[in-house]
Amino acid sequence: VTILVLQGRLDEARQMLSKEADASPASAGICRIMGDLMRTMPILSPGNTQTLTELELKWQHWHEECERYLQDSTFATSPHLESLLKIMLGDEAALLEQKELLSNWYHFLVTRLLYSNPTVKPIDLHYYAQSSLDLFLGGESSPEPLDNILLAAFEFDIHQVIKECSFGSNMREFLLLEYASGLFAHPSLWQLGVDYFDYCPELGRVSLELHIERIPLNTEQKALKVLRICEQRQMTEQVRSICKILAMKAVRNNRLGSALSWSIRAKDAAFA
């Protein structure tokens, strides 16, 4: 349901909620209230004759109704529904809690505007785009080439768009890098992204190193897969870092022999 709400597919979300209500009669009442809020959210659809001013008024009334339900703690017994309500109110903190589902900053931007300012003026798009990028990345990573192109487009700076689009001299490599980055964002397809980076002679290795560093090593099996990829490509620093992480995990699990083995493999005498 959360994914559907983030994508603005409220009709489908309502259908899912009705099934949840049928399965759990105790929460049927609040599920019905949430379903009504989803059903009554004003949207500007093709063929609709209402003006933007009318839409803004209806949306404001709807937004205030959602706010009242939040203030009254109507959904306090259901953290999931309360989280959905906060998303529908455009709450930035609630949206950022769903970063993994949003996957990128421009998805975050669209969802944020849908629920906080659906009639945003074109002149304000750049402000929202820049702030969404900053919020989503949170200083943890730098903007990628596509991000700069989109920011320039939101600012209606056609010359900068053309300049950014000439990134490198190889459009084929640019597209491969973007596709590989998309694969890396998927929990089960990230290994395919490695092969695409290998076919990018200019920036493939650097990009792969950056993406490797962001992979969460949730299990030892996954860590070993990442380690094998790094060793095959002589990525010494990444190999050392992964070995240290595995060594520390082994220490925490009181597997001292394994910890020493990983420390030796890291080739860091001081760490061992």
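The values are calculated or read from the model by the stated rules, or taken from the named source; none is laboratory data. Bear in mind the structure is a predicted one, so any value in this text is a computation, not a measurement. When we count neighbours, we look across all protein chains shown, and the Cβ atoms used for this are built from the backbone with ideal geometry, even at glycine.
Inside the stretch 169-198, residues that are touching a helix residue (DSSP H, G or I) at 6+ places or on another chain (Cβ under 6 Å) and not in a helix (DSSP H, G or I) make up a count of 1. One residue alone among 75, 136 is assigned by TED's automatic domain parsing to the domain that holds residue 27, aromatic (Phe, Trp, Tyr) and touching a residue at least 40 places away in the same chain (Cβ under 8 Å), and that residue is 75.
Annotation: of all residues in the stretch 17-27 being of a type in the set (A, V, I, L, M) and closer than 17 Å to residue 79 by Cβ, the one that is surrounded by the fewest Cβ atoms within 10 Å (Cβ to Cβ) is 26. Residue count for the stretch 68-83 under the criterion of being assigned to a helix (DSSP H, G or I) and more than 11 Å from residue 37 (Cα to Cα): the result is 8. Checking each residue in the stretch 97-107 for being in a helix (DSSP H, G or I), in contact with a helix residue (DSSP H, G or I) (Cβ under 9 Å, 6 or more places away or on another chain) and either free of Cβ contacts under 8 Å to residues at least 60 places away in the same chain or of a type in the set (A, V, I, L, M) (or both) picks out 99, 101, 102, 105, 106. Specify the residue that is nearest to the chain's Cα centre (by Cα); the eligible residues are those in the stretch 32-49 that are over 13 Å from residue 81 (Cα atoms) and surrounded by 13 or more Cβ atoms within 10 Å (Cβ to Cβ). It comes out as 41.
Screening residue 94 on (1) assigned to a helix (DSSP H, G or I); (2) surrounded by 18 or more Cβ atoms within 10 Å (Cβ to Cβ) shows it passes everything except condition (2).
Can you spot a residue in the stretch 25-44 that is part of a loop (DSSP other than H, G, I, E, B) and of a type in the set (S, T, N, Q)?
Checked against the condition, which is being part of a loop (DSSP other than H, G, I, E, B) and of a type in the set (S, T, N, Q), the stretch 25-44 yields no hits at all.
When restricted to residues that are assigned to a loop (DSSP other than H, G, I, E, B) and within 25 Å of residue 60 (Cα to Cα), the stretch 108-155 contains 5.
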